[in-house]
């Protein structure tokens, strides 16, 4: 009897080539979790978007030297593996780039591993992120009905998650010699139509931001970044919020990429190459910086280990 178990760290993914960028966009915009529309509409939209946008999107990745996400994910998987028993296989998997979630599950099943824990790399669950991962799991459950899945879908108020951000912020404040900075939590925006369908992402984001700022005793606000297209997204947008803070005379600002636990295009490009230069050069904010996300955070790895250990004890 095979007593091996698997842990999959699941994320959106990142392309590693221009061709891969096209595949990434095609898979993303054909996903019902991203485009809530009938299949034919999604096929049409994903085909148009992937063909029109892939070159420009790939240039952004080139500007940041390629995405750091997969290296970070692999490091986290390796660090978690070091804490677990030898009967655990730990891998990083993705929705829109290789190794794909469904393909990895099929590979594990083929070698007799049927006890699989999936941990979302999205701290605040959303229909557009964890919803996509759940869909992949449901497909594989229907294919292999004897698989035993466990899903850690979020941890927005977990003590170790909160403490991780508190430590990073304290270190950055000391490094910059700030006195009492303002925390601008910048999170990935989602369409407001998701909120109308019952998505609790924004509420969970508020909870995370409140816990962190209250523990630090610092003023804060929550904003949203990386929106695309003409539809309405969660507000306030990070650039608008930054301008408002400047107009209020706030002179020390620390940007906290709250919705991410890996560096990625949205941190390295949208924040480092767009938002912070906007604050420095256009608004003239002299004291502005961003929290850099560690390649693998020991507190988060401990949190993942505790999730799995608790499951083992309950089983």
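Residue 97 satisfies every condition listed in (1) under 21 Å from residue 77 (Cα atoms); (2) touching a helix residue (DSSP H, G or I) at 6+ places or on another chain (Cβ under 9 Å); (3) not in a loop (DSSP other than H, G, I, E, B) except (3).
Here the condition is being outside the structural domain of residue 16 (by TED's automatic domain parsing), in contact (Cβ under 8 Å) with a residue 40 or more places away in the chain, on the phi > 0 side of the Ramachandran plot and within 22 Å of the chain's Cα centre (by Cα); of 226, 238, it holds for 226 alone. Number of residues in the stretch 241-260 that are in contact with a strand residue (DSSP E or B) (Cβ under 8 Å, 6 or more places away or on another chain) and part of a helix (DSSP H, G or I): the value is 3. Among the residues of the stretch 95-133, the one identified as surrounded by 17 or more Cβ atoms within 10 Å (Cβ to Cβ), without any contact (Cβ under 8 Å) to a residue 60 or more places away in the chain and over 17 Å from residue 148 (Cβ atoms) is 130.
The values are calculated or read from the model by the stated rules, or taken from the named source; none is laboratory data. Keep in mind that what you see is a predicted model, and the values were worked out from it rather than measured. Neighbour counts are summed over all protein chains in view; Cβ atoms, including those assigned to glycine, are modelled from backbone coordinates with ideal geometry.
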